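So the structure is just underneath, and the comments pick up after that.
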Amino acid sequence: MILEIFMSVCVLSGGFFAFVAGLGILRLPDVLIRMHATAKAGTLASGLIMLAVAAGFGDASTVARAVAIVVFLLLTAPVGAHMIGRAAFRSGVPLWPPTRIDPDAHIKLGVKKPPENDRP
Amino acid sequence: MSLFLLNLLLALAWAALTGQFTLPGLAIGFAVGFGALWLVQPLFENRGGGYFVRVYRWIRLLVLFHYELVVSSFQVARDVLTPRHRARPGIICIPLKARGEAEVLLVTNLISLTPGTLSLDVTEDCNTLVVHAMFADDPKAIARQIENGIERRVREALE
């Protein structure tokens, strides 16, 4: 009984955060803020669902696979977000106008600053 | 790291003696073995050479990380689900004290999953980290927060 409640809570909140991550892609204003939503909420969502899977099946091989999935997600999701954000920043994708950019950032990275009038 | 091997050996011995070669069996064996080693630590050179401190720091880092992941997800959820965009984003340069590729990798990965910040790029010499922050009213405060929070914990765990 308690196990079932625990599993339901995990699956439902996992689904909720997956929904938030997807909706974030649609609603948030620019690519970098969207990466916040997918990297954080998406990782937590899959972690919660895998926790429910591990608790529900409970046998060693399923638990081992669930743990492996979570570990690989924790390793790869931030790297993916990092690479997409890096590519966007280096190629000068227009950002949401209120974004304040540290003037040293382009110099320190050795990339060209996009011209101001590119920004919407 | 030989104490770690000894601890693994104790975990295997526990699993063999209780006849439970399962994941929870091995985990319990590891915990019991850790307790036993901790009790006899005056017997080892150097009191175990910091093994116990390091395990404690790793556990502290993991707890901190999970807590921050949950907090940041709620923050993102609030920003996505409320009608107005609350974010005041900015791109910030943060000086990195972490040395070595493993430390930098762990710091950047953890920063991406903690509230309000997403690591964008690292300079060639690994001295500066460029992050995108959701609430960048005070760039210095964010830099200090990362330096004293995640980065210090990571350096303590890996040193």
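The values are calculated or read from the model by the stated rules, or taken from the named source; none is laboratory data. Since the structure is predicted, the reported quantities are computational estimates derived from the model, not experimental observations. Counting neighbours? That spans all protein chains shown, and the Cβs are built from the backbone with ideal geometry, glycine included.
Restricting attention to the range B:83-109, the residues that are assigned to a helix (DSSP H, G or I) and more than 8 Å from every other protein chain (Cβ to nearest Cβ) total 7. For the range A:56-100, residues that are more than 7 Å from every other protein chain (Cβ to nearest Cβ), within 16 Å of B:VAL131 (Cα to Cα) and basic (Lys, Arg) total 1. Every test in (1) surrounded by fewer than 16 Cβ atoms within 10 Å (Cβ to Cβ); (2) touching a residue at least 24 places away in the same chain (Cβ under 8 Å) is passed by A:PHE17 save one, and that test is (1).
Among B:VAL55, B:VAL71, B:VAL80, which is the only one that is at pLDDT 85 or above, of a type in the set (A, V, I, L, M) and assigned to a helix (DSSP H, G or I)? If you could, list the steps in order and put the result at the bottom.
Working: B:VAL55 fails: at pLDDT 85 or above; B:VAL80 fails: at pLDDT 85 or above.
Result: B:VAL71 is the single residue among B:VAL55, B:VAL71, B:VAL80 that is at pLDDT 85 or above, of a type in the set (A, V, I, L, M) and assigned to a helix (DSSP H, G or I).
Within the range B:110-127, restricting attention to residues that are part of a loop (DSSP other than H, G, I, E, B), touching a residue at least 24 places away in the same chain (Cβ under 8 Å) and out of contact with any helix residue (DSSP H, G or I) (no Cβ under 6 Å at 6 or more places or on another chain), the residue that is nearest to B:VAL70 (Cα to Cα) is B:GLY116.
Selection of the range B:31-52 for residues being farther than 28 Å from B:GLU151 by Cα, of a type outside the set (Asp, Glu) and without any contact (Cβ under 8 Å) to a residue 24 or more places away in the chain yields B:VAL32, B:GLY35, B:LEU39, B:VAL40, B:GLN41, B:PRO42, B:LEU43.
Inspect all residues belonging to the range B:52-64 and state whether any of them is among the aromatic types (Phe, Trp, Tyr), within 13 Å of another protein chain (Cβ to nearest Cβ) and surrounded by fewer than 21 Cβ atoms within 10 Å (Cβ to Cβ). Within the range B:52-64, not a single residue is among the aromatic types (Phe, Trp, Tyr), within 13 Å of another protein chain (Cβ to nearest Cβ) and surrounded by fewer than 21 Cβ atoms within 10 Å (Cβ to Cβ). Just wondering, is there one or more residues in the range B:134-155 that are assigned to a strand (DSSP E or B), crowded, with 18+ Cβ neighbours inside 10 Å and in the same structural domain as B:PHE74 (by TED's automatic domain parsing)? No. What's the number of the condition A:VAL20 fails, among (1) farther than 30 Å from B:THR128 by Cα; (2) in contact with a helix residue (DSSP H, G or I) (Cβ under 8 Å, 6 or more places away or on another chain); (3) more than 9 Å from chain B (Cβ to nearest Cβ)? For A:VAL20, the failing item is (3). You will find that of B:VAL40, B:VAL32, the residue that is β-branched (Val, Ile, Thr) and surrounded by fewer than 13 Cβ atoms within 10 Å (Cβ to Cβ) is B:VAL40 and no other.
Conditions tested, residue by residue: (1) closer than 30 Å to B:ALA141 by Cα; (2) in contact (Cβ under 8 Å) with a residue 40 or more places away in the chain; (3) acidic (Asp, Glu).
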{"site": "B:TRP14", "(1), (2), (3)": "no, no, no"}
{"site": "B:LEU26", "(1), (2), (3)": "no, no, no"}
{"site": "B:ARG54", "(1), (2), (3)": "yes, yes, no"}
{"site": "B:VAL63", "(1), (2), (3)": "yes, no, no"}
{"site": "B:LEU69", "(1), (2), (3)": "yes, yes, no"}
{"site": "B:VAL80", "(1), (2), (3)": "yes, no, no"}
{"site": "B:ILE91", "(1), (2), (3)": "yes, yes, no"}
